[in-house]
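Here the structure is laid out as structure tokens; the discussion comes afterwards.
Read-outs: derived from the displayed coordinates by stated rules, not from any lab. In this text the structure is predicted, and so the values were computed from the model without any measurement. Neighbour counts are summed over all protein chains in view; Cβ atoms, including those assigned to glycine, are modelled from backbone coordinates with ideal geometry.
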């Protein structure tokens, strides 16, 4: 199949461009920035540009976006132009080109205010059933893009799958308090408990979504590493996360002590990937237990694909290509 990947200069876009040819696909990259994985340079805000890249395309993997760090540098209108109008342009042209599958990379930031429980309440068990309450223009425009995909499927018959990805990017956390409290790798490893996914697993979810779209029509899935927690743990993980983690992955404690790392004292939300595993057949490999096992063996905890993409050294700072989560 010929597959159009928007955001091909970004972390996820590049990972898809590296993977799809090995699966027998003809991958065609589109981005506002040149890169070794970008065939067509321009903005998805321009419908004519989008049309020029849609000829002969069988499936679209739409990862391009303005994302959360851009809130400090771009206007709200910029977010609407890229995340809403850009998505609309792609849906319009995909329909005209009779594309068979459209996968929209969304974000767990769409949940917004629903992610923060009131003081004294348990952590929130975040499934697709939780109502989205965006707290910024990034989350609002990504949710609008999801609604466009839903409408397009039901009105135009274009199969559309939305993937709400948790954090996969290699950059440092954008929260100064988190940066001050934790070593960067320590923080990322902690997140595999509740809100991070390795880019290799994210790519696998996109491929499965593309393959499943014609049968599913429209659906939304959370794409995050499989948590060891269960709903009954939510009160305790909000109060004393380390004790719960020790029950499930006891080996972590000594390894963290050896590295001088800390477990987060409290978890306020846990992303749940059950539906993606059940309906897409997705089998994420990089969960917290696997990551700790790699660390114990003195191995890099990241997948080979994450290391390959992250090694380029061009992903520092905000780009207009990768979603992030909040």
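What angle do you read, to the nearest 10 degrees and between 0 and 90, between the alpha-carbon axis of helix 137-156 and the longest principal axis of the chain?
Here the helix axis deviates by roughly 50 degrees.
D for region 1-100, whole µm²/s, Stokes-Einstein with Kirkwood Rh over alpha-carbon pairs at 10 °C and 1.306 mPa s: what number?
Values: Rh = 13.5 Å.
Using the Kirkwood radius from Cα pairs, D works out to 117 µm²/s.
Report the semi-axes of the equivalent ellipsoid for region 110-239 in whole Å, largest first, where each axis is √(5λ) for an eigenvalue λ of the Cα gyration tensor. Provide the component values of the computation, followed by the final result.
Numbers: eigenvalues 160, 62, 47 Å².
Whole-Å semi-axes of the equivalent ellipsoid: 28, 18, 15.
Helix-only estimate, please: 222 nm mean residue ellipticity of the chain, summing -39500 (n - 2.57) across DSSP H runs of length 4 or more and dividing by its residues, to the nearest 500. It would help to have the intermediate numbers written out before the result.
Numbers: 13 runs with 127 residues, N = 326.
Dividing the helical sum by the residues of the chain leaves -11500 deg cm²/dmol.
So what's the angle, to the nearest 10 degrees on a 0 to 90 scale, between helix 86-96 and the longest Cα principal axis of the chain?
That works out to roughly 50 degrees.
Can you tell me the relative contact order of region 1-134? Whole percent, Cα pairs under 8 Å, sequence separation 6 or more.
On the way: 213 pairs, mean separation 29.9, N = 134.
Worked out over region 1-134, it gives 22 percent.
Provide the FRET efficiency to the nearest 0.05 for the residue 274-residue 1 pair, computing r from the beta carbons and using R0 = 30 Å. Could the numbers behind the result be given before it?
Values: r = 28 Å, r/R0 = 0.95.
With a Förster radius of 30 Å, E is 0.60.
For region 2-310, what is the convex hull volume of the alpha-carbon atoms per residue, in Å³? If you can, show how the numbers build up before the last one.
Numbers: hull volume 39.5 nm³, N = 309.
Spread over its residues, the Cα hull of region 2-310 gives 128 Å³ apiece.
May I ask you to derive the relative contact order of the chain, considering only C-alpha pairs under 8 Å and at least 6 residues apart, and to give it as an integer percent?
Relative contact order comes out at 23 percent.
If I fit a long axis through the Cα atoms of helix 234-248 and take the longest principal axis of the Cα atoms of the chain, what angle between them do I get, 0 to 90°, rounded to 10?
80 degrees
Neighbouring Cβ atoms within 10 Å as the yardstick, rank 193, 187 fewest first.
187, 193
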